[in-house]
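Heads up: the structure comes next, in structure tokens.
Rule-based calculations on the coordinates, nothing more; no lab input. Quantities reported herein were computed from a predicted structural model and do not represent experimental measurements. FYI the Cβ positions are ideal-geometry reconstructions off the backbone, even for glycines, and counts take in every protein chain you see.
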Amino acid sequence: MMQSLHHRLTMMFLMVIAISVLGTGIFVALLVKASYLDSLTDRLGKEGQLLVNTLNWEEALEQPALFQQHADKFSRSLGVRVTLINNDGKVLGDSSESPVVMDNLRHHKEVNRVLESRMKGSYHSVTQDDKLYVFTPAIKKEGETSEVLGAVRLTMELKTINGSLSQVWLSLVGGLLISFILASLIGSRVARNITRPIEEMTQAAVDIARNKFHRRVPVQQRDEIGRLASAINRMAAGLRYQLETIRKSERRLTSVIETMESGLLMVDSNRKITLANQAIHRFFNVKSPQLLNKPLPERAVFHDLHLMIRKCLHTGERMQGEIHLYFPEERVLEANLTPIYGEREGMGVVAVLHDITAIRKLERMRTEFVANVSHELKTPVTSLRGFAETLLDGAVEDPQMQREFLEIIQAESLRLERLIGDLLDLSKIESREMSLNLEEIDVTKLIRTIVKTTEKQMKKRGLNFQVDVKEDFTVHVDRDRFSQILINLLSNSMAYTPTGGSVNLSAGKEEKRWWIRVSDTGIGIPEEDLPRIFERFYRVDKARSRESGGTGLGLAIVKHLVEAHEGKIHVESRVGKGTAITLSFPL
């Protein structure tokens, strides 16, 4: 288990303090002992000199028994062993043993050294066999000559010295122990003061690594640790700001990518999909987990895209092409592929897919429109030319045939005029050059005007025409354009309702909208044709429409005029049963 910095610093402080205290204790103990021994040696040396000076060596040498008496007396006074030696090394008196049994000490190096000394007042000490020996020579000076009469040896057991030092050592150990405890407490406090900001900085760094930038390190001092804490606080604030900026940019980019109408697909060098927006999922009818971080599926719907991506990866050049999809619905996609290079991943591809289905449909509708207009114009023009040529070839001489041909020419001219008028109206409506002249008008009055216009034609075709207005209310419409809407709808009902059928016109209002409905009991519209009845020149029954003189643009004009009035169209029809077209507008 890893130890904390505080624990290690504390242990290091304790070890340093323990070593320091132990070294200091040993040094002081040895110093005290040496000092005590020096002091004791000096005292014994001075006492030896005092003893040498006290003895009358010449008198004592004549009476040897006096040496033993002096030795015993001085030993009791000084508390040490006293040995008196003559200049030949013979023991004359000893406080511990009988001189008779003691050997001659001349052969001892220390004794021989003292007896050869000629310096009065000097002494020599030696520690041997756990004993302290102090030798003091007895010197007699006569003029410039000196004579060694003997020596005094004072002996003290080291056990005695150690006993005297034990009290000193006990006090020293107690003081050192107290010092160690105090130093340990101070060291622990110092370690805590050092490690606390480091621990706080460590926790702050851990939080930063976890993307948590709220923690701040308190700055207590302006030293190195304080400057480091300030730097970490500034770094946390800077990282938080940068991360928020990155996240904001990422959210914006994600929102832009996900809301793009165009599809965005990114694959790496291994053809794994790293990015796919919602448009891609919508185009290919797949869900997000089915694409991300997986190879591009091998399904048929991705076949063309597979080929383009493989070619782009192989050539490393930009590509453009079209992809045709037939599931889940028919689409035409314009694909723009661009190679991208990463530092480690190698080359990938970014594919941008634009849905150009509507553009292609408009192009097809424009082509069909031009063809239809050409065809519609060609028919009356051909008729006019044919009958004119017939008249020029001699039919003009026949009054009956002349009148018949002129009536046909007039009818075709009127049909051509209606066609051109409808084309001009439709062009104005689609280009939004037409402005509505809105006015408040009673719905009953509006319908009554239109009924007068079409009622005679209904009776001429043998149709039963009924009008049903639930209640009288006012609407906000363009009178002329709305009349055009209803006349076109009623004309369609008349054209596709056989003799003896009925056409109904009804109106009413709801809470926020009002409606008007034109229904008939005509041939009806097949279900597959319902989505296309508002296209230009589209006819369900082409033969009947041409016989009625229709241009094929009526319902297209109705659709645009209803939308200009912010209205909606709803069609219900059954083949052989009839058709009902309902228009609803806001009140």
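Couple of notes before you dig in:
- Theoretical FRET efficiency, 1/(1+(r/R0)^6), r = Cβ-Cβ of Glu363 and Arg227, R0 60 Å, to 0.05: 0.25
- Given Lys459/Lys512; Lys212/Lys294; Lys361/Lys509; Lys512/Lys559; Lys46/Lys159, the pairs whose alpha carbons are separated by over 27 Å: Lys459/Lys512; Lys212/Lys294; Lys361/Lys509
- Simple Cβ-charge dipole of the stretch 435-586, Lys/Arg +1 and Asp/Glu -1, about Cα centre, in debye nearest 20: 580
- Going from the fewest other Cβ atoms within 10 Å to the most, the residues Tyr341, Tyr123 appear in the order Tyr341, Tyr123.
- The stretch 467-499 and the stretch 569-587 have Cα centres lying 12 Å from one another.
- Formal net charge of residues neighbouring Met458 (Cβ-Cβ distance under 14 Å; K, R +1; D, E -1): +3
- The string of couplings for the stretch 79-94 from the Karplus curve (6.51, -1.76, 1.60, θ = phi - 60°) is x, 10, 7, 10, 10, 9, 10, 7, 6, 9, x, 7, 7, 9, x, 9 Hz, one whole number per residue in order, with x for Gly and Pro.
- Spacing of the two label points (7 Å from each Cα toward its C-beta) at Val575 and Glu261, in nm: 3.7
- Around His281: net Lys/Arg minus Asp/Glu count, Cβ-Cβ under 15 Å: +1
- Peptide ranges 85-98, 352-365 listed from the most packed, as the mean C-beta count within 10 angstrom indicates: 85-98, 352-365
- Amide H contacts under 5 Å for Val503, placed H, 5+ residues apart: Asn464, Phe465, Gln466
- Separation of the Gln290 and Ile19 label points, Cα + 7 Å toward Cβ, nm: 7.3
- Relative contact order of the stretch 260-355, pairs being alpha-carbon contacts under 8 Å that are 6 or more residues apart, as %: 31
- Label point distance in nm, Glu97-Thr338, each placed 7 Å from Cα along Cα→Cβ: 11.5
- For the stretch 166-208 versus the stretch 291-322, the spacing of their alpha-carbon centroids is 70 Å.
- Each residue of the stretch 260-275 was assigned a 3J(HN,Hα) from its phi angle through the Karplus curve 6.51 cos²θ - 1.76 cosθ + 1.60 (θ = phi - 60°); the sequence is 5, 6, 7, x, 10, 10, 10, 10, 8, 5, 8, 6, 8, 7, 9, 7 Hz, with glycine and proline shown as x.
- Length gained on full extension, Leu438 to Phe473: 11.0 nm, using 0.36 nm per residue less the C-alpha separation.
- For the stretch 193-310: rounded, prolate or oblate by the Cα gyration tensor [a/c cutoff 1.5]: prolate
- Estimated dipole of the stretch 193-269 in Debye, rounded to 20 [Cβ of Lys and Arg +1, of Asp and Glu -1, Cα centre]: 380
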